[in-house]
Number of protein chains: 2
Amino acid sequence: MTIEEMTNLLRQEIPLCEFMKLEVTSLETPSITTFAPLEPNRNMHGTGFAGALYSLAVATGWSLVHNRLSLANAEALLVVKDASIHYRRPVTGDIELRSSFKDEMEDEDLLMQLQTGGSVKFPLVITVFSKEKKCAYLEADYIAVAHK
Amino acid sequence: MTIEEMTNLLRQEIPLCEFMKLEVTSLETPSITTFAPLEPNRNMHGTGFAGALYSLAVATGWSLVHNRLSLANAEALLVVKDASIHYRRPVTGDIELRSSFKDEMEDEDLLMQLQTGGSVKFPLVITVFSKEKKCAYLEADYIAVAHK
């Protein structure tokens, strides 16, 4: 998928992503970067709202895995079961997010695992930056569940 | 604070809370319940978006602790450092959230701890319900940091 297609998918299908003005800025098979302005994502202190940072991060990771499944022509429902977020410093400007797979997987292996095991787990770390500083990171397990 | 005051505070100061239509439906010293309609908080499957559920939960916990600090006349900055969310079943309707303190603390003890230790930790569990079923829960550590 192109960055425009992925941005449109997120913003047309998830109202919160449209409101947060989430934009995919690069999308390769193993990695993704996204961007969002601070304004719609701020709290009462004018810094990034904890919930917005989480939402931007979880949608960024979802996009990376969704694109990976799409490249392998895998038909699966993609869900998150458990996730932990760690806030390390306030977000005081526009927001950039980055994530990449630790291990690459061949299309064949992915499809085989999905078919035989019924699901494939993608553990990801999504990092939140602002003004080029690491402000937070989300650890989330994405699970692709085979359509029955 | 009344439920109207808390709802207004959230929705006027956090743009995402306004968009999500988060509403405080009960607020007592030890417990809170909130509500949000599904529509602005949905994903592409028409169920609750993981990010929206997290955001509603983290704002609900924040409100409970903010009200507690306010009742004690404690001047403090309230932040979340680490949080984990666990999704157990899809949210298929409107959303209700509930949280309460495990332990009650006297105003005096709270103020003393804030003054001498510089911060007070409030570990909370916020539970997300839909159609009267428990769908997810957030474990978050809220930290009140004394103004210097």
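Here are the numbers:
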| item | result |
| --- | --- |
| From A:I143, A:I126, A:I85, residue being under 14 Å from A:A36 (Cβ atoms) and of a type outside the set (G, A, S) | A:I126 |
| B:E18, sole failed condition from (1) within 8 Å of another protein chain (Cβ to nearest Cβ); (2) free of Cβ contacts under 8 Å to residues at least 40 places away in the same chain; (3) in a helix (DSSP H, G or I) | (1) |
| Residue within segment B:1-9 that is farther than 28 Å from A:V58 by Cβ and at pLDDT below 95 present | yes |
| Filter result for A:R89 (outside any strand (DSSP E or B), in contact with a Leu (Cβ under 9 Å, 6 or more places away or on another chain), at pLDDT 95 or above and more than 14 Å from A:I126 (Cα to Cα)) | no |
| Test result for A:E132, out of contact with any strand residue (DSSP E or B) (no Cβ under 7 Å at 6 or more places or on another chain) and more than 14 Å from chain B (Cβ to nearest Cβ) | yes |
| Segment B:90-121: number of residues that are of a type outside the set (S, T, N, Q) and farther than 23 Å from B:C17 by Cα | 16 |
| Segment A:92-120 residues that are more than 30 Å from A:E39 (Cα to Cα) and at pLDDT 95 or above, paired with ones that are surrounded by fewer than 19 Cβ atoms within 10 Å (Cβ to Cβ) and of a type in the set (S, T, N, Q) (beta carbon under 7 Å, 6 or more apart) | A:V120/A:Q113 |
| Yes/no for A:T33 being within 28 Å of B:A59 (Cα to Cα), of a type in the set (S, T, Y), at pLDDT 95 or above and surrounded by fewer than 24 Cβ atoms within 10 Å (Cβ to Cβ) | yes |
| Segment A:25-78 - residue that is facing chain B (nearest Cβ under 9 Å) and in a strand (DSSP E or B) and, of those, nearest to A:Y137 (Cα to Cα) | A:R42 |
| Criterion violated by A:G51 - all others in (1) crowded, with 19+ Cβ neighbours inside 10 Å; (2) closer than 30 Å to A:G118 by Cα; (3) not basic (K, R) satisfied | (2) |
| Scan of segment B:108-131 for residues that are β-branched (V, I, T) and in a strand (DSSP E or B), ordered by number | B:V120, B:V125, B:I126, B:T127, B:V128 |
| Flag if B:M44 is out of contact with any strand residue (DSSP E or B) (no Cβ under 6 Å at 6 or more places or on another chain) and of a type in the set (A, V, I, L, M, F, W, C) | yes |
| Contacts under 8 angstrom Cβ, first residue in segment B:28-41 being under 15 Å from B:R11 (Cβ atoms), partner of a type in the set (G, A, S), 6 or more apart | B:T34/B:A59; B:T34/B:S63; B:A36/B:A52; B:P40/B:A52; B:N41/B:G48; B:N41/B:A52 |
| Segment A:47-79: number of residues that are in contact with a strand residue (DSSP E or B) (Cβ under 7 Å, 6 or more places away or on another chain) and closer than 13 Å to B:L16 by Cα | 6 |
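The values are calculated or read from the model by the stated rules, or taken from the named source; none is laboratory data. These numbers were taken from a predicted model, which means no experiment stands behind them. Cβ: placed from backbone, ideal geometry, glycine included. Neighbour counts: every protein chain shown.
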